Amino acid sequence: MRYIIGIDVGGTNTNACLLVIDQGGQGHVLKMAKAPTRHEDLFTSTRQALAEISDEISSADCRDLEIHLSTTLITNAIVEGKGDPVATIITTGPGLAPEAMGFAFPVSLVGGVIDHRGRETAPLVMDEVRSALKAAVDQGARAVAVVGKFSPRNPGHELAIEDLIQQEFPGLYPPTLGHRLSGRLNFPRRVNTCYLNAKVARLQREFIDRIRDTLLWELAALSARTGQEAQKTRLRVFLLKADGGTIEMEKAVNRPVETILSGPAASVMGALALTEPSESCVVVLDIGGTTTDIAVLVGGKPLAEKDGAVVGGFKTLVPAFFSRSIGLGGDSTVSYQEGRIKIGPTRAGTAAALGGDALTPTDAIVLTEQGSFGDYQRALTVLENFSRNTGGSPRELAEEIHQAFCEQAVAAINGIFADLNSCPVYTVSEVLVPRGLKPEKIIGLGGPAAFYIPRIAHLLGVPYEVLPYYEGANAVGAAASRPTAAITLRADTALGKVTIPELDQVTDLARPALFDRRKAEQLALESARGYAEKIGAYYPEAQFEVDEEEVFNMVRGFYTVGKLFTMKAQVKPDVIKVVPK
Amino acid sequence: MDTERCTIPQLGLVFFPAFDWAISPDHPEREERLLYTRDQLVEEGLLDLPGVMEFRPKVATENDLKRTHICIPSIPAVLTKAHLIAAGGCITAAKAVMEQKVKKAFALLRPPGHHAMRLVHGARGFCTINNEAILIEYIRKHYGSHLKIAVVDTDAHHADGSQDIFYNDPGVLHISLHQDGRTLYPGTGNLDELGGPGAYGLTLNIPLPPGSGDRELLFVTKNLVLPVLEEFQPDLVINGAGQDNHYSDPLTHMQVTAQGYAELNKLLQPDLVVLEGGYAIEGALPYVNVAIILALLGMDYSRVLEPDGQRDLVPPPPGALELVKKEVAYLRGVWAKRREIDLDKIFGTAPYYRRERRIYYDTDDILEHQVDQIKRCNKCSGYRVIYSRAQKRVAREISVAVVHLPWHVCADCRAEAESAYERLHPDGGLDRVYLQDVEKEVFLEKQ
Ligand SMILES: [Zn+2]
Ligand SMILES: [Zn+2]
C-alpha cells in the first residue's frame, strides 16, 4: 500500500494527516493529528504530530511512504532576516540605476550587458567579478547570488561567473544563479529571489538533515513496533512549495526559496483535494488562530500571483498561489474603538475559555455555542468584564464580536476582488472578456471555520462549504499535493537560437527557417519532462502541457526576418482527490 | 494589501501593446511594435516601483468617440476594437489623474492617434481616431468644460489631426514640434498655422530642420514651450510622446536620444503622456519609454543609454540651431501679440471664415476635399459647418456636411447652427448630414 503523511506546521498548530492511496489513485484519510507549534523547535512539534499518526500505518504492507512537509521555516527565516551573509553580484546594462531598485541588501555591479533579445552588447568584465568576490569574502560572505539583467534570454554571463567561483573561490558555497530559479523577466525580483535563496540555503540544508534523521528515527521506531524491516519501505520526503506543488526534499537544497508560503498553498490544496471542482468563482478562507488566509479559485483552478510571491517585503519570482493574509483569527484581539468592535489585527493569545486570559473571538464562540467546547464560565467572565465598556449583555457582546469578525472578513474579500478586477491585461480579446469576477461560493477550513463560515457566507449572500477535516484540512492538502516544475523556452529564429534557462541550455537552431510553432511546442514539452526528471518532479502519471505561449513575427524594413517563440511548459498541476469517510 | 495609502503614487501606467492587432503583417504599426518595450519594462521591474500603479484600460464608448469625431459612414466601418481600447486607455489614464489616484499618468499604448482629424473617413498616418483629443473631450465633459488644456506633441510628424480638432478651440493650446513638413509626411505644420479666428495663437508649430536632435528639441522646450505654458496656465499638460524623432527611427530623419527625451519630460513635467509614433522598436522604444517613465517619477535616468553606444547618432547639420532660434523668436512674437492682432486682417471681414483643404489618407489611400466655414462671432468661438467629399480609389465618392457646435457656444450661434442643420438635406449631392453638439452631448445624423 502507498501511504502519504501530510504535515502542515502552522503559526499556531501543527496538523498532520495520514492518507492511504487506493488502487484508483484516490486518497482516504486514516488519521488526523494536531500538536501546538513550537517556533523555537519545529522538529519537536513535527515529531509529535508524526508519532501520533504513524501508529496507524499498517507497516506489513507499507511499500511506499511519502511525507509531504509544509513548514514555516524558510518563510520565518526570511521575515526574521536569518541566514548567511551573501555576496550578490549583478550585471545590468541600460536602465534603472541599481541604487533605484530598492534592494534591501548590498549588491556589487560588474561590467557586462545582455540585451532584451539575449545578445551580448558588452562583454563580462572578469576582473570586476574577481575583485567583487574578493571584497565580499573579506567581509565574511560565504553564500553568493549571481544575477544578470536578461539572463533568462542568455545565461552566458551567469555561467561564466559560476565557473570562476568554482575555480578561484572553492571556499564559497555553490552560487545561486538567476536563470536557474526563474525563466521569467523581472530583474529586481530575480535578484531578490536569488539573494534570499543564497541566504537561507545553509538553513535549509541543516533542516533537511535534521528532518531526515527525525524521520529515519520515526521509521525505525515504526519498524521496531511491528517487527518489519525499515528497508522494505521506500521513504521519500517532499517539501510543499508556494504554488501548491511539491519538490523532493534532497533537490530542495538548491531551491529553498521555493518552499516559502507553503501554508496558504496547503489550505488551497486542501480545498482542491476535498471538494468537487466547480465552475463558479470560489473564495477559500482558512481561518486560523492569528490570521485568515484568503485565496480564490476560478473554474476549479487557484488564481496565481501575477509575478510571484512577496515575502518579508521582498518581491520575488517564486510561483505562488494568489493569497492574502489578514490579521483576523480565533485568537485575535478584540477592541472597542469609536463605538465599534474591532477584531485584530494582532494576536491576543490563548482564549480565556481555553486557559488564557485575553478576550478573543474564540471566547465569543464558546459563549454562543454554550460550552460545546472550552470553559463556558471563563468565557462568560471575560465577556462580562469587557461589556462594562461597551454596554449590553455578554451575549449581545458575543454577537457583536461575531458580526465584526464576519464584516471584516467580507470587507477583505471585497477589497481583494476589487484589486483582482483591475488587473491589467495586454491583448484585445482579454480586455473585451468581461472580467467582473465576484465571489460566488465560500469554502472554509481552519479551527473556527465551522462557526464563522456560514455567517460570513450569509453576509456575503453566497453558498458555502465547510471542508471535512476542516481543522486540519491544510495537512490533507499537503498530503494530496503533487510535484510541479516548469521551463521557459525562448526561440529566436532570426538569431537562430533556442534558450531554455532552467536547463542551462542555449543551442543553435540547425535550420531556423523550418522551426515552427509545432516544433517549438514539442521541444518545450520534451524539455519540461527532462527538467522534471532532473529536479525530482517526475512521476509516472504526470502530464505535461504548454501553459503560456507567445508567437511574434519579426519584421525589419518591410521583410519578415524571423519568429519569436516564448513558451512556458510544465508538469500539469495536479492533486490527489481525497474521499471523506 | 495596499488599500491604505497615505500618499498617492507618482505615476499611473496604462500599458496596452495590442499584441493581437496590426494594420497589416509587415506594417510598422504591427503586433511586435511594443514587444521589446514590454520586455524592457518588465525586466526593469518598473511596475513594482513604489511610485507606479498600473491601470487596466477601459473600452471607449460611442459617445466618447462622438464628442470628438464624425466617423463616416459609421463607427464600425472605420475602426476596430483595438482603437476603442487605445482611446479608452487614454481616458483611463486621464481619469486616474483627474481623480487624483495618481499624480501623473502615461498611456503607453497603440494604435496611435494624432493624425486622426475631426472627420474620419479612414486611417491616415497609421491613425484612425485621436486618442488625445478623445481624452481631452472626456475631461471637459466630466470634470469641467472650462478646464484649460495644453498639448505638446513631440512626435517627428506634425500632429495635424489634433491641430485640426482644436484649431478653433480657445480651451486648448496645441504645440507641435516636428520634422519640417517639407521633408516628411504629412507636410503641414508650418510657422504660419496659428489657429482659427476663435483661437488665434493657440496653435503653435515648430518645424525642426531634418537632423535636429536633443539640443534643438530642448532649446524649443526651454525657450518657447515652457514660457508659453507659464503664461497660458493650463489645468492639464499632455505630452503627445511620439518617439520617431529618435536617431535610429527608420521613418524619419531626426537625432533625438533617450536622454534627450527624458530631459524634455523632466522640464515639461506633463500630467499625461500619450505614446504616438516610434518605429525603432528594438533600438529606441525600450529605452526611450524607460527614460520617460523614470523622468516622470523624478528618478535617475542617467543610465538609460541606447546599447549601440549611439553609434548611429549624427550631429545636427550646421545652422539647425540658428534656424530654430529664429522660429522660436518669431513664435514668441506672435504669442506676445496674439490678443492685439487685428483678426480681420487675417480672416477677412466676411461673417464666415471659409477655408478649403485637400486631406490625404496615406494609410487607406483616400483623398478628401474639405470646405470649413467658421462663424465669426465675438460671443463664442463660432459654430462651424464642414463640407467634405472623400473618395477611396475607385469607390464611390461620399459627400457629407457636419454642423459643429463648440463648447460654450453662444445662443445666437446655437440657433443659427440648429437651423443650418435643419436646412441641410441629404440630397442634392449630400449623402449624410451630421450635427455635433458637444455641450449638450447631442449627436444627430440624417441620410
Ligand atoms: Zn510620427
Ligand atoms: Zn457665437
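For B:ASP169, the residues whose modelled amide H falls within less than 5 Å of its own, excluding neighbours fewer than 5 places apart on the same chain, are B:GLY196. Calculated accessible area for the stretch B:71-192 comes out at 23 Å² per residue, all protein chains present (probe 1.4 Å; ligands, DNA, RNA ignored).
Label positions at A:GLN23 and A:LYS534, each projected 7 Å from the Cα along the C-beta direction, are separated by 3.9 nm. Of all DSSP beta bridges confined to chain B, the antiparallel ones make up roughly 45%.
Buried on complex formation within the stretch A:107-139 (loss of at least 40 square angstrom of accessible surface versus the isolated chain, 1.4 Å probe, ligands and nucleic acids ignored): A:HIS116. A convex hull fitted around the alpha carbon atoms of the stretch B:352-447 yields 106 Å³ per residue.
Estimated from the Cβ-Cβ distance and a Förster radius of 60 angstrom, the FRET efficiency linking A:THR507 and B:ALA411 is about 0.20. Per-residue shielding of B:281-289, expressed as the average number of other chain Cβ atoms within 10 Å of the residue Cβ, stands at 2. Rounded to a whole number, what % of the accessible area of the protein assembly as shown do carbon and sulfur atoms account for, probe 1.4 Å? C and S fraction of accessible area: 51 percent. Over the stretch B:1-139, the reciprocal of the mean inverse Cα-Cα separation, the Kirkwood hydrodynamic radius, stands at 15.7 Å.
When only alpha carbons are used to place a centre, the stretch B:246-321 and the stretch A:317-357 end up 51 Å from one another. The A-B contact accounts for approximately 4100 Å² of buried accessible area, totalled over both chains at a 1.4 Å probe radius. Remark: spin-label model distance A:GLU396-A:LEU459 equals 2.0 nm, labels positioned 7 Å along the Cα→Cβ axis. On the basis of the beta-carbon distance and an R0 of 60 Å, A:TYR376 and B:LEU343 show a calculated FRET efficiency of 0.10. Build a GNM of chain B with springs between Cα atoms under 10 Å: which of B:PHE166, B:PHE347, B:PHE126 gets the top mean-square fluctuation? It is B:PHE347.
Look at the stretch A:152-159: the mean tally of other chain Cβ atoms within 10 Å of its residues' Cβ atoms is 0.
Cα convex hull, the stretch A:310-459: 148 Å³ per residue, rounded to a whole number. When the inverse distances between all different Cα atoms of the protein assembly as shown are averaged and flipped, the Kirkwood radius reads 32.0 angstrom. Compactness of the stretch A:2-42 was expressed as the Cα radius of gyration divided by 2.2 N^0.38 Å, which yields 1.39. Bridgeable lysines around A:LYS149 (alpha carbons under 24 Å apart, same-chain partners fewer than 8 residues away excluded): A:LYS134, A:LYS199, A:LYS306, A:LYS315, A:LYS497, A:LYS563, A:LYS568.
Alpha-carbon geometry of the stretch A:522-567: the Rg and the Dmax are 15.5, 49 Å, given in that order. Relative to the dominant Cα principal axis of chain B, helix B:285-297 is inclined by about 90°. Packing, as the average of other Cβ atoms within 10 Å across residues, places the peptides A:249-260, A:374-385 in the order A:249-260, A:374-385, highest first. Across peptide B:20-33, the average count of Cβ atoms from other chains found within 10 Å of a residue's Cβ is 3. Taking the three principal axes of the alpha carbon atoms in the stretch A:486-571, the coordinate ranges are 48, 21, 17 Å, sorted in descending order. Counted residue by residue at 0.36 nm each, then reduced by the alpha carbon distance between them, the extension gain from A:ALA221 to A:LYS134 reaches 26.5 nm. Taking a point 7 Å out from the Cα of B:HIS142 in the direction of its Cβ, the residues of the stretch B:78-96 whose backbone N falls within less than 11 Å of it are B:88-96.
On a 0 to 90 degree scale, rounded to 10, what angle separates helix B:411-423 from the longest Cα axis of chain B? Taking the Cα atoms of chain B, the angle to B:411-423 is about 70 degrees.
Neighbours of B:ALA94 by Cβ distance under 14 Å: Lys/Arg scored +1, Asp/Glu scored -1, total +2. Using every pair of distinct Cα positions in chain B, the Kirkwood expression returns a hydrodynamic radius of 22.1 angstrom. With a Förster radius of 22 Å, plug the Cβ-Cβ distance of B:SER419 and B:LYS379 into 1/(1 + (r/R0)^6) and report the FRET value to the nearest 0.05. Plugging the Cβ-Cβ distance into 1/(1 + (r/R0)^6) gives 0.80.
Burial here means at least 40 square angstrom less accessible surface with every protein chain in place than with the chain by itself, probed at 1.4 Å; in the stretch A:554-581 the buried residues are A:VAL555, A:ARG556, A:PHE558.
When each of the peptides B:176-185, B:322-331, B:366-375 is scored by how many other beta carbons lie within 10 Å of its residues on average, the order from highest to lowest is B:176-185, B:366-375, B:322-331.
Between A:PHE552 and A:ARG518, the modelled labels are 2.6 nm apart [label points 7 Å from Cα along Cα→Cβ]. Within a Cβ distance under 13 Å of A:GLY530, other residues only, what is the Lys/Arg minus Asp/Glu net charge? Around A:GLY530, the surrounding residues sum to -2. Per residue, the Cα convex hull of chain A amounts to 180 Å³. Rg and Dmax, both from the Cα atoms of the stretch A:31-172 and both in Å, are 22.4, 64.
Cross-link partners of B:LYS325 among aspartates and glutamates, defined as those whose alpha carbon lies under 12 angstrom from its own and excluding same-chain residues fewer than eight positions apart: B:GLU216. The packing ranking of peptides B:266-273, A:205-212, highest mean first, is B:266-273, A:205-212, where packing means the average number of other beta carbon atoms within 10 angstrom of each residue.
The values are calculated or read from the model by the stated rules, or taken from the named source; none is laboratory data. Note that the structure is a prediction, hence the values are computed from the model and not measured. Positions of Cβ are generated from backbone atoms using ideal geometry, with glycine treated the same way; all protein chains shown enter the neighbour counts. With ligands, DNA and RNA removed, areas are computed over all heavy atoms of the protein, side chains included. Shrake-Rupley method; radii C 1.70, N 1.55, O 1.52, S 1.80 Å.
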